[in-house]
Structure formats: C-alpha cells, structure tokens
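A short write-up of the structure that comes next.
The values are calculated or read from the model by the stated rules, or taken from the named source; none is laboratory data. A quick note: this is a predicted structure, and the numbers were derived from the prediction, not measured. Ideal geometry is used to build each Cβ from the backbone, glycine not excepted, and the neighbour counts take in all protein chains shown.
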Amino acid sequence: MKEVKQRSECPISYSLDVLGDKWTLLILRDMMFANKSSYGEFLQSDEKIATNILADRLSLLESQGFVNKIVANDKKSKYIYSLTEKGISLLPVIMEMTIWGAAYNPFGGNETLLAALKSDKVGTINKYRALLMERIGV
C-alpha cells in the first residue's frame, strides 16, 4: 500500500493528505460523471494531466482503497479502474464542490447537473450514488 504521510490527526488534514492535490479530485470527477475508466481516457481530460502524475495519482487512489484496478479483457497491457464503495462515498463532497465552484466560476459548469442539485440536492446525490453502485455491481 502506498503510504500517505499524515501531518496530524486532524480529519481535514487527513482528507487533504489523501485528496488535497488538484489531480486526484479531477480523476474521481471523471470516474463519477464521465464514466472514464482507463489511463487513456483520463489523459483526454481538458486539464491535460501529465502521464507521470496520472500514474502516481491512480496508484495513490488504488492504495488508499478509492479505486480498484484490473487488467482489461481486450488487452493485457491495459488496466481498467473502477470506483470502490469508499470512492463512491466521496460523491457528496464532490457534489458540494461542484455547487460551490459553479457559484464563483464565471464559466459555470454542467447546467443539467447544477439545476438538478438546486432543485433536489439529496435526490440527485442519491441518484448518482445508485448509478455508481450499479456500475460496480453493488
């Protein structure tokens, strides 16, 4: 397991130690909302993550139990990543960050998602959670 150096026992500090860089949350976003699951798909994101950083963050997410990695059926040198229940548990956090970011970002965001969150935040989060759990077979 890839070790995360904790700076303190504070829960916020721990969260930042694991999720505090911009890339980790963007990978989780892509898995949750764009159904991305392979290295190549993550590289196609608008933010243009470097290959070495992507490899490191995927390794971190796997070692911390947020994602599973399996060999692809069609190509032995390709890996498929999927969220775990622990990874899916971050959905409400990412949804709240989406709401906050859209409120202050002049470019907005996914209007359909934002409208759904505005009209029924709990229902929307539950809908996405159910979809993600279905993807992993739970």
Report summary line: Flagged in segment 30-74 as under 23 Å from VAL4 (Cα atoms), surrounded by 12 or more Cβ atoms within 10 Å (Cβ to Cβ) and of a type in the set (A, V, I, L, M), in numbering order, are MET31, ILE49, ILE53, LEU54, ALA55, LEU58, LEU60, LEU61, VAL67
Requested in this report: Please tell me if TYR104 is surrounded by fewer than 17 Cβ atoms within 10 Å (Cβ to Cβ) and of a type in the set (Phe, Trp, Tyr).
Outcome: yes
Requested in this report: Report the residue count in segment 103-126 for those that are under 18 Å from LEU28 (Cα atoms) and at pLDDT 95 or above.
Outcome: 3
Query raised in the report: Considering only residues of segment 127-138 that are modelled with pLDDT of 90 or more and among the aliphatic types (A, V, I, L, M), which is surrounded by the most Cβ atoms within 10 Å (Cβ to Cβ)?
Result: LEU132
Report summary line: Residues of segment 112-138 being in a loop (DSSP other than H, G, I, E, B) and among the acidic types (Asp, Glu), in sequence order, are ASP120
Report task. Please find, within segment 19-29, the residue that is surrounded by the most Cβ atoms within 10 Å (Cβ to Cβ) out of those that are free of Cβ contacts under 8 Å to residues at least 60 places away in the same chain and out of contact with any helix residue (DSSP H, G or I) (no Cβ under 6 Å at 6 or more places or on another chain). Result -> LEU26
